[in-house]
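These notes are about the structure you will find just below.
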Amino acid sequence: MTIKYTETKHAASAKSLAYIIQALGVDRGAWIVKFWSRYDGALLNDQVLLYPTNDMVERNQTYEIGVNFPEQVLIGDDSGGRLILIDKAISDVFYLIDSGDPLLEDAVIFHSIDELIDNISDEETDLSATFNIVASASGKPTPQEMLAIKKGLGLSFSITDLKEKLEKRNEIILSDVKIVKYEAIVMAYNHLIRFDS
């Protein structure tokens with residue numbers, strides 16, 4: 001299968017690359033570093049989201065990758081609840097693992113990004129449907145969480161308005177969106193927001 005770059009960003013800056021290599025301990029020759037030198041994040045085949053450098057530290061901390069998988073780094077997700085990890089050292093191994101699974105032994109292993117994308121594309125998921133993102137209202141949002149949600153969802157309304165919406169169960173935050181685009185941010189803050197099915 002040919003990889004289709006649905007969305008891409010320009011190459012990462014040398015400063016961003018140096019920071020991520022240092023912050024996460026990724027080898028300069030790792031697959032993701034080479035990828036970032038071409039694209040600073042991308043959506044592949046409308047399903048596989050490869051994170052930009054400015055999201056990497058936060059995503060790896062959110063999913064406690066350094067604690068559970070100290071030899072790996074989180075580089076993206078499949079827009080369906082599974083994370084994509086690679087070894088920090090130079091390797092052609094891609095791990096696909098459920099976001100809540102702390103055991104690398106449970107991961108499905110692929111030896112290229114093409115193989116991983118082929119597998120995900122062959123699975124039956126309806127990503128063409130649209131959903132609303134609504135408030136879960138199961139926790140009190142911190143200012144940092146509200147800023148991250150506002151940025152991650154690309155919201156134009158104020159933090160005050162967002163806070164009011166987040167405190168009302170099932171309040172629509174964003175309507176008619178494709179899961180593939182917002183899965184990562186919804187998963188990261190699923191105690192505050194969720195997809196309305």
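The values are calculated or read from the model by the stated rules, or taken from the named source; none is laboratory data. What you see is a predicted model, and the numbers here were worked out from it, not measured in a lab. Methodologically, a virtual Cβ is constructed for each residue, glycine included, from the backbone with ideal geometry; neighbour enumeration extends over all protein chains shown.
Matching residues to (1) assigned to a strand (DSSP E or B); (2) free of Cβ contacts under 8 Å to residues at least 24 places away in the same chain; (3) not polar (S, T, N, Q):
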| position | (1), (2), (3) |
| --- | --- |
| M146 | no, yes, yes |
| G152 | no, no, yes |
| S156 | no, yes, no |
| N170 | no, no, no |
| L174 | yes, no, yes |
| K181 | no, no, yes |
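Could you list, ordered by first residue, the pairs with Cβ atoms under 6 Å in which the first is in the stretch 1-29 and on the phi < 0 side of the Ramachandran plot and the second is at pLDDT 95 or above and part of a strand (DSSP E or B), at least 6 apart or interchain?
L24/V73; V26/V73
Are any of the residues in the stretch 23-43 crowded, with 17+ Cβ neighbours inside 10 Å and assigned to a strand (DSSP E or B)?
Going residue by residue through the stretch 23-43, those that are crowded, with 17+ Cβ neighbours inside 10 Å are 24, 26, 30-33, 35-36, 39-43.
Subset that is assigned to a strand (DSSP E or B): 42-43.
So far as the stretch 23-43 goes, yes, one or more of its residues are crowded, with 17+ Cβ neighbours inside 10 Å and assigned to a strand (DSSP E or B).
Being surrounded by fewer than 16 Cβ atoms within 10 Å (Cβ to Cβ) and under 17 Å from the mean Cα position of the chain (by Cα) is the requirement here; does T53 meet it? Working first, answer last.
On the way: surrounded by fewer than 16 Cβ atoms within 10 Å (Cβ to Cβ): no; under 17 Å from the mean Cα position of the chain (by Cα): yes.
No; evaluated as a whole, the condition is false for this residue.
What number of residues in the stretch 79-97 are modelled with pLDDT under 90 and under 20 Å from A184 (Cβ atoms)?
Matching residues across the stretch 79-97 total 3.
Just to be sure before I move on: is D106 acidic (D, E), under 24 Å from G25 (Cβ atoms) and modelled with pLDDT of 90 or more in the structure I sent?
No, not satisfied.
Please work out which residue is farthest from L43 (Cα to Cα), limiting yourself to the stretch 165-183 and to residues that are of a type outside the set (A, V, I, L, M, F, W, C) and surrounded by 13 or more Cβ atoms within 10 Å (Cβ to Cβ).
E167
If we keep just the residues of the stretch 134-164 that are of a type outside the set (A, V, I, L, M, F, W, C) and in contact with a helix residue (DSSP H, G or I) (Cβ under 7 Å, 6 or more places away or on another chain), which is surrounded by the fewest Cβ atoms within 10 Å (Cβ to Cβ)?
Looking at the filtered set, the residue picked out is K163.
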